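Trainee: Let me begin by handing over the structure; questions about it come next.
The values are calculated or read from the model by the stated rules, or taken from the named source; none is laboratory data. Since this is a predicted model, take the numbers as computed values, not measurements. Ideal geometry is used to build each Cβ from the backbone, glycine not excepted, and the neighbour counts take in all protein chains shown.
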Amino acid sequence: MQRVAILEIKTKRSAGPAATEDVARELDHLKSVVASFEPLPLVVQAKWEALRTLNENLLDIEDAMRACQARQRFDVRFSQLARDAQALNDDR
């Protein structure tokens, strides 16, 4: 479910057609596996949505960290982003 959540996010944030194709292929495959377990209990659906939201926040933080790295700015903001990423990874 973790991988499905990440692939769903990547589908929304696609970088290019080749990447989109690969992501879509893997996502379709994994969704077919998940479909074999449907209907999913409400508690599982809720946790899946929470996981998707957490992963979206984590990807935003990682993008901000990459921007800091590209500018060679390892300041207080970078340190805070790293702590935030670690906290979200712990939650995940």
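Trainee: Just checking, how many residues over region 1-24 are modelled with pLDDT under 85, of a type in the set (A, V, I, L, M, F, W, C) and either loosely packed, with under 11 Cβ neighbours inside 10 Å or within 21 Å of A46 (Cα to Cα) (or both)?
Mentor: Looking only at that region, the number is 3.
Trainee: Separate question: Could you list, in sequence order, all residues of region 38-56 that are surrounded by 11 or more Cβ atoms within 10 Å (Cβ to Cβ) and more than 12 Å from A5 (Cα to Cα)?
Mentor: L40, V44, A46
Trainee: Can you tell me which residue among L58, L27 is in contact with a Ser or Thr (Cβ under 9 Å, 6 or more places away or on another chain) and at pLDDT 90 or above?
Mentor: Going through L58, L27 in turn, just one is in contact with a Ser or Thr (Cβ under 9 Å, 6 or more places away or on another chain) and at pLDDT 90 or above: L27.
Trainee: Can I ask one more? Being of a type in the set (A, V, I, L, M), at pLDDT 90 or above and in contact with a helix residue (DSSP H, G or I) (Cβ under 8 Å, 6 or more places away or on another chain) is the filter here, so list the residues in region 30-55 that pass it.
Mentor: The answer is L30, L51, L54.
Trainee: Right, next: Would you be able to tell me the number of residues in region 73-92 that are modelled with pLDDT under 95, of a type in the set (A, V, I, L, M, F, W, C) and loosely packed, with under 11 Cβ neighbours inside 10 Å?
Mentor: Selection size over region 73-92: 0.
Trainee: If A35 satisfies every condition in (1) closer than 26 Å to D90 by Cα; (2) of a type outside the set (S, T, N, Q); (3) surrounded by fewer than 13 Cβ atoms within 10 Å (Cβ to Cβ) but one, which is the exception?
Mentor: (1)
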